[in-house]
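Scroll down for the structure; my scribbles are underneath it.
The values are calculated or read from the model by the stated rules, or taken from the named source; none is laboratory data. Computed from a prediction, not measured in an experiment: that's the story for all the values here. Every residue, glycine among them, receives a Cβ derived from its backbone with ideal geometry; neighbour counts consider all protein chains shown.
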Amino acid sequence: MPKLVTALGIVLFAAAGGACSPGLGGGGSDRPNVIVFITDDQTAGTVSSATMPTTWRWMWQGGRTYPNFSISDPLCCPSRMTIMSGRYAHNTGVIDNLSSRISFHPDMRSTVQCYLRGAGYRTAFFGKYLNGWNFSRRPPCTDRYAITPGEQHEGLDFLTNRGVVTPSGWDDTYVTNQALDFVRTKAGDGPWFMTVSFMAPHSPYTPLPAAADAPVPPPRVGPAVGRANPGMYPLVRRHADAREFDTTIWDGEIRMLRTVDSEIAQIRRALADSGDLDNTIAIFMSDNGLMLGEHRLVGKRLPYPESTDVPFAISAPGRFAPGSVDRRLTSNVDVAPTILAAADPEADLRYPLDGHSLFDHGWTRKVQYGESFNVRPDKHWEPPWRSIRTGSYQFIEWLSQTFPEHTVWREYYDLRTDPYELHDLLHDSTTANDPPVQRLHEKLVKAAFCSGHPSCP
């Protein structure tokens, strides 16, 4: 079986204050605890000292941020499986939110939960799980759990260790209480790994009454809002009808995120009270972004940055300098490798990891790869696509929704002169500025069929 860390990776990790360093304290173990906070459909730019003060202080000021972090498949279920496994959707077998065999056939033994449980970690998962999961079955390799498909904020059924529970009140409050109980009663005698997966700020945009009238800072409305790109794939352009920024969604998101922040504050206090805070790596992220009028589009599933970019930060005491920034091209495919590098660097992997550990500074990703599959075009209009993005360009190929799959449209943006992707150089009035399409296509196809290092971007 493949191993997680090469000899070079072990040296780099040890230099950063590795998982076996003595004196980290907390939880009765030298190995770090790990907690992953995942929000649902959170727009980039929504974490600040005004909107999420605790998260801002803990993760952004106290940890390391990743301004060039991107989701490889901007849809809940594929993204979450990539987060769990460190593998692109074309390798995980989870390519849509549906439960059909076509789109959902994951090997759950390849998740970070299973790797860490095999290494002696206590594991927990509270909140929104995989949309395609059969919720009559317990989540594998998870000691404590309360899982749900999400999609609303009150009245959800949760599968728990004690059976199905339908809590009263705000569902994220129930999720938070489960996490608090785990920290206080189940995590004191050894290392643990916990995922806290909030339903907010996904629609419906109905914040708790306490936050319903909370002040909302104005959004940063970019120049792409309300502007349809003439070179956009015609099928997408037909749905580009948003003339302005959707302030209703923005206001609802911000107010729900205030509640999320208060819940994160409770968990942080519990970690401090239990003595676990200084020995806990905390990761904050969303499963995908959300377009709120950019390119006259509202939603996700699309290759544009507002759909793929999300807030992402890590607090890792003794490993990262507070307030530091990593500007490498990073992805949700890097989350599981990062966790394993800290907690179980010699894990026996079932499959090669497509991503890299963010604790390892010996690599640089030149290309960010993205992909999206739509197995039900009658249910969702968004067509399938593949994309590669560097610091200087983004190249997109839109794919047919019929078999055999083939490319039906291409877009190319020069990010140095057009960072908001307003001018597709493949469909302007000249061919003089066209990129080397065949070479880009070959690079894209190579990424689309990659598996592990070094074949993956």
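Within segment 270-308, the set of residues being charged (D, E, K, R), within 20 Å of residue 247 (Cβ to Cβ) and out of contact with any Phe, Trp or Tyr (no Cβ under 7 Å at 6 or more places or on another chain) comprises 296, 300, 306. When 84, 59 are screened for being under 20 Å from the mean Cα position of the chain (by Cα), under 17 Å from residue 264 (Cα atoms) and not in a loop (DSSP other than H, G, I, E, B), only 59 passes. Of all the numbered requirements in (1) closer than 20 Å to residue 289 by Cα; (2) in contact with a Ser or Thr (Cβ under 8 Å, 6 or more places away or on another chain); (3) buried (at least 22 other Cβ atoms within 10 Å of the Cβ), residue 83 misses one, and that requirement is (2).
Within segment 419-429, does at least one residue satisfy the condition of being at pLDDT below 95 and hydroxyl-bearing (Ser, Thr, Tyr)? Looking for residues that are at pLDDT below 95 and hydroxyl-bearing (Ser, Thr, Tyr), one finds at least one in segment 419-429, hence yes. None of 110, 99 is modelled with pLDDT under 95 and surrounded by fewer than 24 Cβ atoms within 10 Å (Cβ to Cβ) except 99. I'd like to check something: does segment 187-205 contain any residue that is in contact (Cβ under 8 Å) with a residue 24 or more places away in the chain, of a type in the set (Ser, Thr, Tyr) and surrounded by fewer than 19 Cβ atoms within 10 Å (Cβ to Cβ)? Yes, segment 187-205 contains at least one residue that is in contact (Cβ under 8 Å) with a residue 24 or more places away in the chain, of a type in the set (Ser, Thr, Tyr) and surrounded by fewer than 19 Cβ atoms within 10 Å (Cβ to Cβ). Among the residues of segment 369-380, is any over 27 Å from residue 101 (Cβ atoms) and touching a residue at least 12 places away in the same chain (Cβ under 8 Å)? Within segment 369-380, none of the residues are over 27 Å from residue 101 (Cβ atoms) and touching a residue at least 12 places away in the same chain (Cβ under 8 Å).
A quick yes/no check of all residues on (1) under 20 Å from the mean Cα position of the chain (by Cα); (2) farther than 15 Å from residue 251 by Cβ:
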{"residue": "175", "(1), (2)": "yes, yes"}
{"residue": "190", "(1), (2)": "no, yes"}
{"residue": "194", "(1), (2)": "yes, yes"}
{"residue": "198", "(1), (2)": "yes, yes"}
{"residue": "201", "(1), (2)": "yes, no"}
{"residue": "211", "(1), (2)": "no, no"}
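If you go through segment 116-133 and keep only what is of a type outside the set (Lys, Arg), buried (at least 20 other Cβ atoms within 10 Å of the Cβ) and not in a loop (DSSP other than H, G, I, E, B), you end up with 116, 123, 124, 125, 126, 127. Beta carbons closer than 8 Å, at least 6 apart along the sequence or on distinct chains, pair a first residue in segment 157-184 that is over 20 Å from residue 40 (Cα atoms) and crowded, with 22+ Cβ neighbours inside 10 Å with a second that is of a type in the set (Lys, Arg) and at pLDDT 95 or above for 182/144.
Those residues that are within 20 Å of residue 363 (Cα to Cα) and surrounded by 11 or more Cβ atoms within 10 Å (Cβ to Cβ), I need them from segment 436-457; list them, please. Across segment 436-457, the qualifying residues are 443, 446, 447, 450, 451, 452, 453, 455, 456, 457.
Among the hydrophobic types (A, V, I, L, M, F, W, C), touching a Lys or Arg at 6+ places or on another chain (Cβ under 8 Å) and either under 29 Å from residue 353 (Cα atoms) or assigned to a strand (DSSP E or B) (or both): is that true of residue 270 in this structure? In short, no. When we screen 384, 457, 435, 377 for residues that are in contact with a Phe, Trp or Tyr (Cβ under 6 Å, 6 or more places away or on another chain) and at pLDDT below 95, the only hit is 457.
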